[in-house]
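Each reported figure results from applying straightforward, stated rules to the coordinates on display, with no laboratory input. Every value quoted in this text rests on a predicted model; they were computed, and no experiment measured them. We place every Cβ from the backbone using ideal geometry, glycine too, and count neighbours over all the protein chains shown.
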Amino acid sequence: MTDSRTTSETAGETARTTPRQRAIEAYDRARTSVSDAGRRAGDTVTSSPLIAIAGGLAAGALLAALLPRTEAETKALRPTVRRVKKTAQAAVDAARETGSDRLSELGLTREKGEQTIRSLFEGVTDAAKASGQAAVEAVKNQR
């Protein structure tokens, strides 16, 4: 049996594809592109596993932040959270007390600190005024 269609008939038919053929072609293209994406992802993981781990951790942290905490998680974490808060508060209190004691030993009190800052500010202000006046005098002398 031979094909009795002419070349122009065959060309016309290939130009007019059916919806089914277009769907099959779209499916093939999508499958190929997903396969290529999977291959590229695998290559990336193989070439830089630390980046892949960091990405996975970031994605997990994002999901954990977005999802509400369950009651079981709250109950399980409550003792740990309390212990961490107590430890952090104790560290802050110890640092504050030690710093205050050391400043007192050096004779630095709040009042002395305020007085020193005030004196420093006045000195800077006087220096700025004197510099400005000297600049004005220099300009006047140039005329």
Checklist entry - Hey, of (1) 38.8, 114; (2) 16.6, 53; (3) 15.5, 56, which did the structure itself give for Rg and Dmax of the Cα atoms in Å when calculated? => result (1)
Checklist entry - Excluding same-chain residues fewer than 8 positions from K129, which aspartates and glutamates have a Cα within less than 15 Å of its Cα? => result E137
Checklist outcome for this item: CD proxy, 222 nm, the chain: helix-only mean residue ellipticity via -39,500 (n - 2.57) per DSSP H run with n ≥ 4, per residue, nearest 500, stands at -30500 deg cm²/dmol
Checklist entry - Highest GNM mean-square fluctuation, the chain, Cα pairs closer than 10 Å: which of S131, S35, S104? => result S131
Item to check | Centroid-to-centroid separation of segment 100-143 and segment 49-88 [C-alpha atoms, Å] | outcome: 50 Å
Checklist entry - If you take the beta carbon distance between T80 and I51 as r and set R0 to 35 Å, what does 1/(1 + (r/R0)^6) give as a FRET efficiency, to the nearest 0.05? => result 0.70
Checklist outcome for this item: Gyration tensor on Cα atoms of segment 8-67, a ≥ b ≥ c root eigenvalues, a/c under 1.5 rounded, else prolate if a/b beats b/c, else oblate, says oblate
Checklist outcome for this item: Tilt, helix 110-142 to longest principal axis of the chain (alpha-carbon atoms), in degrees rounded to tens, equals 90 degrees
